[in-house]
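Chemist: Pasting in a structure now, in structure tokens, and then I'll have a few things to ask.
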Amino acid sequence: MAEPNQTGSLQVRNVSKLFGTFKAVNDISLDIRKGEFLTLLGPSGSGKTTLLMMIAGFLDISEGDIALDEASIANVPAEKRNFGMVFQGYALFPHMTVRDNIGYALSVRKRPAAEITARVDEMLELVQLQEFADRKPAQLSGGQQQRVALARALCFAPPVLLLDEPLGALDKKLRVEVQEQLKDIHRRVGTTFIYVTHDQEEALSMSDRIVIMRDGAIEQVGTPKELYERPINQFTAGFLGKSNFIQHNGKTFALRPEKIDLRASASHPDARLSGTVRSVTYFGSMQRVIVDASDGTEIEVDIDVWRNSETLREGDAVDLLWTDDAAVELQMG
Amino acid sequence: MTSGLFSKFNRVGAWVLLLFLVTPALIAIPVSLTPKRFLSMPKGEFSLRHFEKLFTSEEWLSSFFQSGVIAVSTSALATVLGTLCAIGLWRVSSRYSELVRAFLLLPLIIPQIISAMAFYRLWIPLGLLDSYAGLILAHTILAAPMVLITVSASLATFDPKLEQASKNLGASNWTTMRRVILPSIKPGVFAGALFAFILSWDEIVVTLFISKFSVYTLPRRMWNGIRENTDPTVAAAAVVLIAITVIAFVITSIMSRRSAKSQAQ
Ligand SMILES: Nc1ncnc2c1ncn2[C@@H]1O[C@H](COP(=O)(O)OP(=O)(O)O)[C@@H](O)[C@H]1O
Ligand SMILES: [Mg+2]
């Protein structure tokens, strides 16, 4: 497959982007390691695309600097940066065949025809599209177009690949399938992937590290496990997975719904809270119980149906239990 | 049922209007087939003698040739100029570019008689009067805005992400233009080239002002033919003029349909 790159670490230093007086990206610093799968995760409008466009060179940086392997690229034009990019909506060239789309980067670099053919064949195999080489993009399904876009962006072995919501146009089932393929390709080519999404499940399942963004700034950076287990504030805890927020001694704690134990019998000695069941929703693999706690808050509990066969009903009195390490203390904000 | 009646009325109305628009042009066809020596409708008897005269007369043939050269040159020049303008304006797109665009469309808006007088005044000191160059230049100035319009329409539907993708893959501005932008706006370019050709091919007002002896286009010769005598050769020339226009139109439609098809498949 693609020869492993010697380069591919990226340094983002105090980067801001101003549109008029509006700060779309606000003082972001980030060290992206060579070969890592880094995801920019945040709600729509949080500045993910803007940051990616500055890395790609399509937007000027208002403040700060971006460097590839410690050498600034702020003044290098987009066409000289050698970064691969998978665009939102793919942006395949409609008048070219799949083969010509994939080979475009090599052909504009005036590489010999034999080399281009060989390399495109290799990429077609990587994305499993050998039979579709002579089709036009309009004759392909969404998933196939997505793979052509990926092959086109990887064909010239770029040190960094930028992906802007590449699975946004696919349906849920296909999306999971393509996620696996994408992870597999990342493992095989060893390129640094910078992946933009607003889908938290996608981010959790694919990334080495996730950057959580909000209003143009970074909220928290970490591995999926770190972020899920140790969110530092309400925003991260609520955006990545679900969370209950418990007030105790003037502090706020995040408590995941699946980390709460629910007992039907009232006045259990270790009970942290008690309450009554407001609703029970069955999801197959688990059931979600909403409890009106006695202190007036509303607590969400996910319980394993398989291990807890006793049926809960609305209005049942219940005790809520959890261990000390289940609740994570949060900073303000 | 009123809507059904209305749509039927509408359809009939459309055909009547179409007939009204094309009949004057089609009149030339029977007239060109008259066996008489003057402009008249043939009565039961047809003849090709006026076509024979048209294609054997050195004067008429030379006018065909001249009109052809001028129309093809105008079409080529106007297409290049108009396309470049459209792409330039599309690229800088700002409030000022819209002003510039409005300015560039002036030749279409100004009454042709006024353009004709302006060309006449300007071409005298430039020594362009009564020359191929003078006519081609004047026609190009009139035709380029048409190309600007058709190409701009194509560009409006062009996905700017394709340009970014091309650059991201390492292509220079020029390569991006040649390999991505131009192929995508081909239908607009073809349509513009056709309109430019037709404009020059049957242009008479400006031609009357700035040509005299050495350049004698087909419309100009027809104009004179009608004024000086009632020779039906003029009608034959008109038929050929229409035929070539229709052929140019058909060729362009086929070409732009083919390029649209090559994207869809
Ligand atoms: N060209 C622009 N001009 C003005 N504002 C913009 C421009 N591009 C993006 N923005 C604004 O910047 C913010 C971040 O946008 P974007 O980076 O596209 O967010 P995301 O990709 O996370 O959804 C949004 O509020 C958006 O309206
Ligand atoms: Mg976006």
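The values are calculated or read from the model by the stated rules, or taken from the named source; none is laboratory data. What you see is a predicted model, and the numbers here were worked out from it, not measured in a lab. Please note: Cβ atoms are built from the backbone with ideal geometry, for glycine as well, and neighbour counts cover all protein chains shown. With ligands, DNA and RNA removed, areas are computed over all heavy atoms of the protein, side chains included. Shrake-Rupley method; radii C 1.70, N 1.55, O 1.52, S 1.80 Å.
Chemist: Nearest 100 Å², what total accessible surface is buried between chain A and chain B (probe 1.4 Å)?
Modeler: Summing both sides, the interface buries roughly 2100 Å².
Chemist: Okay, moving on. For chain A, what % of the accessible area comes from carbon and sulfur atoms, probe 1.4 Å?
Modeler: Using a 1.4 Å probe with all protein chains present, chain A comes out at 48 percent carbon and sulfur.
Chemist: Return the calculated 222 nm mean residue ellipticity for chain A, to the nearest 500 deg cm²/dmol, obtained by summing -39500 (n - 2.57) across DSSP H runs with n ≥ 4 and dividing by the residue count.
Modeler: Value at 222 nm, helices only: -7500 deg cm²/dmol.
Chemist: If you don't mind, another one. Could you tell me which of B:A196, A:L320, A:L162 has its Cα farthest along the dipole of the protein assembly as shown towards the positive end, charges placed at Cβ (Lys, Arg +1; Asp, Glu -1), taken about the Cα centre?
Modeler: The Cα lying farthest towards the positive end belongs to B:A196.
Chemist: Okay, moving on. Rounding to the nearest 20 debye, state how big the charge dipole of segment A:178-333 is about its Cα centre with +1 on each Lys and Arg Cβ and -1 on each Asp and Glu Cβ.
Modeler: That gives a dipole near 340 debye.
Chemist: Ok, one more. Under a point spin-label approximation (7 Å from Cα along Cα-to-Cβ), what is the B:D159-A:Q128 distance to one decimal in nm?
Modeler: Those two pseudo-labels are separated by 2.3 nm.
Chemist: In segment B:163-198, which residues become less accessible by 50 Å² or more once every protein chain is in place, relative to the chain on its own, using a 1.4 Å probe?
Modeler: Listed by number, the residues meeting the 50 Å² cut-off are B:Q164, B:K167, B:N168, B:L169, B:R179.
Chemist: Using a 1.4 angstrom probe and counting only protein chains, how large is the accessible area of A:F283 in Å², to 10?
Modeler: The value for A:F283 is about 110 Å².
Chemist: Okay, helix-only estimate at 222 nm for chain B: each DSSP H run of n ≥ 4 adds -39500 (n - 2.57), divide by all residues, round to 500 deg cm²/dmol; what do you get?
Modeler: That comes out to -25000 deg cm²/dmol.
Chemist: Round to a whole angstrom and tell me the spacing of the C-alpha centers of segment B:188-249 and segment A:29-46.
Modeler: What the calculation gives is 65 Å, centre to centre.
Chemist: In terms of solvent-accessible area of protein heavy atoms at a 1.4 angstrom probe, what is the ranking of B:M177, B:M41, highest value first? Intermediate results must be reported in sequence, preceding the final value.
Modeler: Details: B:M177 35, B:M41 95 Å².
If we order B:M177, B:M41 from most to least accessible, we get B:M41, B:M177.
Chemist: Using 1/(1 + (r/R0)^6) with R0 = 25 angstrom and r between the beta carbons of B:F103 and B:W174, what's the FRET efficiency to the nearest 0.05?
Modeler: So the FRET efficiency works out to roughly 0.40.
Chemist: Set Lys and Arg Cβ to +1 and Asp and Glu Cβ to -1, take the dipole of chain B about its Cα centre, and tell me which of B:L99, B:G68, B:M117 lies farthest positive.
Modeler: Working it through, the farthest residue towards the positive pole turns out to be B:L99.
Chemist: Can I ask one more? I'd like the residues of segment A:136-159 whose 1.4 Å-probe accessible area shrinks by no less than 20 Å² going from the isolated chain to the full set of protein chains.
Modeler: A:K136, A:A138, A:Q139, A:R152
Chemist: Ok, one more. Relative contact order, percent, of chain B when contacts are C-alpha pairs under 8 Å separated by at least 6 residues?
Modeler: Contact order relative to length: 30 percent.
Chemist: Mind pulling the angle between the C-alpha long axis of helix B:2-26 and the longest principal axis of chain B? Nearest 10 degrees, somewhere in 0 to 90.
Modeler: Computed tilt is about 60 degrees.
Chemist: Please calculate how many Å² of accessible area segment B:1-130 carries per residue, with a 1.4 Å probe and no DNA, RNA or ligand atoms counted.
Modeler: Working: 9170 Å² over 130 residues.
Normalised by residue count, the accessible surface of segment B:1-130 is 71 Å².
Chemist: Here is a follow-up. Counting only protein heavy atoms, probe 1.4 Å: which residues of segment A:94-123 lose 50 Å² or more of accessible surface in the full assembly compared with their chain by itself?
Modeler: At a threshold of 50 Å² (probe 1.4 Å), the residues of segment A:94-123 that become less exposed are A:P94, A:H95, A:Y104, A:V108.
Chemist: How much accessible area per residue does segment A:129-237 have, counting only protein heavy atoms and a probe of 1.4 Å, in square angstrom?
Modeler: Dividing the accessible area of segment A:129-237 by its residue count gives 39 Å².
Chemist: For segment A:1-97, which GluC sites (Glu not before Pro) are in a loop by DSSP, counting at most 11 other Cβ atoms within 10 Å? Show your work: numbers first, answer last.
Modeler: Working: sites: A:E36, A:E63, A:E70, A:E79; in loops: A:E36, A:E70.
Those satisfying the criteria are A:E70.
Chemist: So with the 1.4 Å probe, I'd like the accessible area per residue for segment A:7-121, rounded to whole Å². If you can, show how the numbers build up before the last one.
Modeler: On the way: 4660 Å² over 115 residues.
Per residue, segment A:7-121 has an accessible area of 41 Å².
Chemist: Evaluate the distance, in nm, between pseudo-label points positioned 7 Å from the Cα of B:I247 and of A:D199 along their respective Cα→Cβ axes.
Modeler: Using points 7 Å along Cα→Cβ, the separation is 5.7 nm.
Chemist: Calculate what fraction, in whole %, of the accessible area of segment B:128-257 sits on carbon and sulfur atoms when a 1.4 Å probe is rolled over the protein chains.
Modeler: Summing carbon and sulfur atoms, their accessible area is 70 percent of the total for segment B:128-257.
Chemist: I would also like to ask the following. Given a Förster distance of 30 angstrom, what is the FRET efficiency for B:I124 paired with B:N224, based on the Cβ-Cβ distance and rounded to 0.05?
Modeler: The value I calculate is 0.85.
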